[in-house]
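Participant: Pasting a structure here, questions to come.
The values are calculated or read from the model by the stated rules, or taken from the named source; none is laboratory data. None of the values given here were measured: they were computed from a predicted structure. Quick reminder, even Gly has a Cβ in these numbers, built from the backbone with ideal geometry, and neighbours come from all protein chains shown.
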Amino acid sequence: MLTLLLGSGILSGDAMSGMSIEQLDPIVLEQQLSSELKTKIESAFSSYDLNSDSSYEKFLDTTHFFNDRSYTPGDLESIHSDFTFNNARKFKLRKEAGEQFADMARHFWSAFNKKKKISITSTFRSYDFQKKMNGSCHAHHCAEAGSSEHQAGLAIDLGVNGRRLDSASFEWMKNNAHKRGFHNTYQKGVEIDGKMVEPWHWRYLGVKLATELYEKKMSFAEWYYQQK
Ligand SMILES: [Zn+2]
């Protein structure tokens, strides 16, 4: 590649002026090129904010916690929807996630000829609640307090008509949830996601990232560690 660049004159003239003999060494030059390329790739990756506690794209797993372990989102709201099986208003999500969920619940209901409604089992769970809950939890099931997507106010555990998601409903979710920014976080098993498969657990990531994961057929953790 280097020879090609030199031969084509891309690295001649201005690009070469001011460089020491040492920098003209092909190995050093190639290292510089690849670090430039690396920076480019990294900046494309960082178009997502995977680290800030209040980011919709915050990555959480057994080794990635909230920077402030007892973080509570500032914009939690009751979900305003009349298209869920149970009373959505008893459950809280962050404002944008709740609005997108309400929209998804309405589409779900109409996709199944108004015969099925999403039922909600759990949404926001505080740090303290998660801490208490973990006492009665199986390994690889509940997230440790300070690392749960439920604490982020972005995750929702759901079923259909008060029961588990049946396969047609799950299929609909898999093909449509990303349009409203939702992603099934634990879909590939402990080895990849660090948790057992949870078809009921959907997490808001925003439409852009959820759609990217849908198109790549990847789980959030799978994608995250591939970027690293
Ligand atoms: Zn969950």
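Participant: Exactly one of (1) within 14 Å of the ligand (Cβ to nearest atom); (2) over 19 Å from GLN187 (Cα atoms) is unmet by LYS117. Its number?
Facilitator: It is condition (1) that LYS117 fails.
Let's see how each residue does on (1) within 15 Å of the ligand (Cβ to nearest atom); (2) of a type in the set (S, T, N, Q):
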| site | (1), (2) |
| --- | --- |
| GLY159 | yes, no |
| SER169 | no, yes |
| ASN184 | yes, yes |
| GLU198 | yes, no |
| HIS201 | yes, no |
| GLU215 | no, no |
| TYR225 | no, no |
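Participant: If you don't mind, there's one more thing I want to ask. Looking only at the stretch 127-145, decide whether some residue is within 16 Å of the ligand (Cβ to nearest atom), within 17 Å of the chain's Cα centre (by Cα) and charged (D, E, K, R).
Facilitator: no
Participant: Also, quick follow-up: Does ALA102 satisfy being in contact (Cβ under 8 Å) with a residue 60 or more places away in the chain and closer than 19 Å to GLU171 by Cα?
Facilitator: Criteria not met by ALA102.
Participant: Restricting attention to the stretch 213-228, which residues are under 10 Å from the mean Cα position of the chain (by Cα) and in a helix (DSSP H, G or I)? Let's see the steps before the verdict.
Facilitator: Of all residues in the stretch 213-228, those under 10 Å from the mean Cα position of the chain (by Cα) come to 213, 219-221, 223-224.
The answer is LEU213, PHE220, ALA221, TRP223, TYR224.
Participant: Within the stretch 186-196, how many residues are out of contact with any helix residue (DSSP H, G or I) (no Cβ under 8 Å at 6 or more places or on another chain) and within 12 Å of the ligand (Cβ to nearest atom)?
Facilitator: The qualifying residues number 1.
Participant: How many residues are out of contact with any strand residue (DSSP E or B) (no Cβ under 7 Å at 6 or more places or on another chain) and either closer than 25 Å to ASP49 by Cα or in a helix (DSSP H, G or I) (or both) if we restrict to the stretch 154-172? Working first, answer last.
Facilitator: Taking the stretch 154-172 as the starting set, the residues that turn out to be out of contact with any strand residue (DSSP E or B) (no Cβ under 7 Å at 6 or more places or on another chain) are 163-164, 167-168, 170-172.
Filter once more, keeping what is either closer than 25 Å to ASP49 by Cα or in a helix (DSSP H, G or I) (or both): 167-168, 170-172.
Here the count works out to 5.
Participant: What residue, of ASP103, ASP157, ASP166, is assigned by TED's automatic domain parsing to the domain that holds SER81, surrounded by fewer than 22 Cβ atoms within 10 Å (Cβ to Cβ), at pLDDT 95 or above and touching a His at 6+ places or on another chain (Cβ under 9 Å)? Explain how you work it out, then say what you get.
Facilitator: Working: ASP103 fails: touching a His at 6+ places or on another chain (Cβ under 9 Å); ASP166 fails: touching a His at 6+ places or on another chain (Cβ under 9 Å).
It is ASP157.
Participant: Moving on. Checking the conditions here, which among SER81, SER110 is surrounded by 13 or more Cβ atoms within 10 Å (Cβ to Cβ) and not in a strand (DSSP E or B)?
Facilitator: Details: SER110 fails: surrounded by 13 or more Cβ atoms within 10 Å (Cβ to Cβ).
Of SER81, SER110, the one residue that is surrounded by 13 or more Cβ atoms within 10 Å (Cβ to Cβ) and not in a strand (DSSP E or B) is SER81.
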